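**Student:** Take this structure first; my questions come after.
Read-outs: derived from the displayed coordinates by stated rules, not from any lab. Remember, it's a predicted structure, so these values are computed and weren't measured experimentally. In this analysis, Cβ positions are derived from the backbone assuming ideal geometry, glycine residues included, and neighbour counts consider all displayed protein chains.
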Amino acid sequence: MIRKFTPADIDAIQHMNKAEGWDNLVARHDQTLNSWIHSESFVMEQDGEVIACIRALTDGYVSLYVCELIVRQDMRGQGCGRKLLSFVHDLYPSTRMELLATSSSKSYYEDWFRPFYGYRKTYHE
């Protein structure tokens with residue numbers, strides 16, 4: 001079942017962040033929680049447990065940017081990520097969906113997305 005994120009979900013999300021090695025998100029707990037609260041954020045549940053989640057930003061018309069997509073390691077390969085991507089894109093069908101992928105997840109997204117090259121800078125860089 002896919003449903004809207006609630007703040008009660010943040011511990012499960014942080015557990016998945018930790019498993020992915022995304023320690024910066026774990027360390028900045030309050031910022032991470034606020035980012036999920038103020039985004040288009042959804043979780044996928046199975047038997048009452050969060051098994052996957054997606055956080056996106058959108059203008060509702062042109063762009064839909066996927067900030068985070070996480071599937072619990074033991075649930076991978078079962079279509080959870082694709083279902084979440086489809087669910088969010090169905091909410092905003094006129095938008096183009098964009099995301100950044102790591103080199104290890106590149107093959108997962110190749111069937112769904114075309115490559116795009118750009119740059120990223122944080123405020124403190």
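**Student:** Going by the alpha-carbon gyration tensor, a ≥ b ≥ c the square roots of its eigenvalues, is segment 2-109 rounded (a/c under 1.5) or, if a/c is not under 1.5, prolate (a/b greater than b/c) versus oblate?
**Tutor:** The shape class here is rounded.
**Student:** Hey, how many Å between the Cα centroid of segment 67-95 and the Cα centroid of segment 7-34?
**Tutor:** Each part reduced to its Cα centre gives a spacing of 18 Å.
**Student:** How much of the DSSP bridge set in segment 2-109 is antiparallel, in percent, rounded to the nearest 5?
**Tutor:** Rounded to the nearest five, the antiparallel share is 80 percent.
**Student:** Would you be so kind as to identify which of Met44, Met97, Ile2 lies farthest towards the positive end of the dipole of segment 2-109, taking Lys and Arg as +1 and Asp and Glu as -1 on Cβ and the Cα centre as origin?
**Tutor:** After comparing all options, I get Met97.
**Student:** What is the order of Asp9, Asp23, fewest Cβ neighbours within 10 Å to most?
**Tutor:** Ordered by Cβ neighbours within 10 Å, fewest first: Asp23, Asp9.
**Student:** What FRET efficiency, computed as 1/(1 + (r/R0)^6) with R0 = 22 Å and r the Cβ-Cβ distance, is obtained for Asp23 and Cys67, rounded to the nearest 0.05?
**Tutor:** The formula returns an efficiency of 0.85 here.
**Student:** Given H placed on each backbone N at 1.01 Å, which residues far from Ile51 in sequence or on other chains put an amide H within less than 5 Å of it?
**Tutor:** Amide H neighbours of Ile51, under 5 Å, 5+ apart: Met44, Glu45, Gln46.
**Student:** Another question, if that's okay. At a 10 Å Cβ-Cβ cut-off, how would you order Val50, Val26, Val43, Val62, fewest neighbours first?
**Tutor:** Least to most surrounded, the residues fall as Val62, Val26, Val50, Val43.
**Student:** Which of Arg55, Arg72 comes first, and how do the rest follow, when ranked by fewest Cβ neighbours within 10 Å?
**Tutor:** Least crowded to most crowded, the residues run Arg72, Arg55.
**Student:** Rounded to whole Hz and in sequence order, give me ³J(HN,Hα) for segment 10-22 from the Karplus expression 6.51 cos²θ - 1.76 cosθ + 1.60, θ = phi - 60°, writing x for Gly and Pro.
**Tutor:** Each residue of segment 10-22 in turn: 5, 5, 5, 5, 5, 4, 5, 4, 4, 4, 7, x, 8 Hz.
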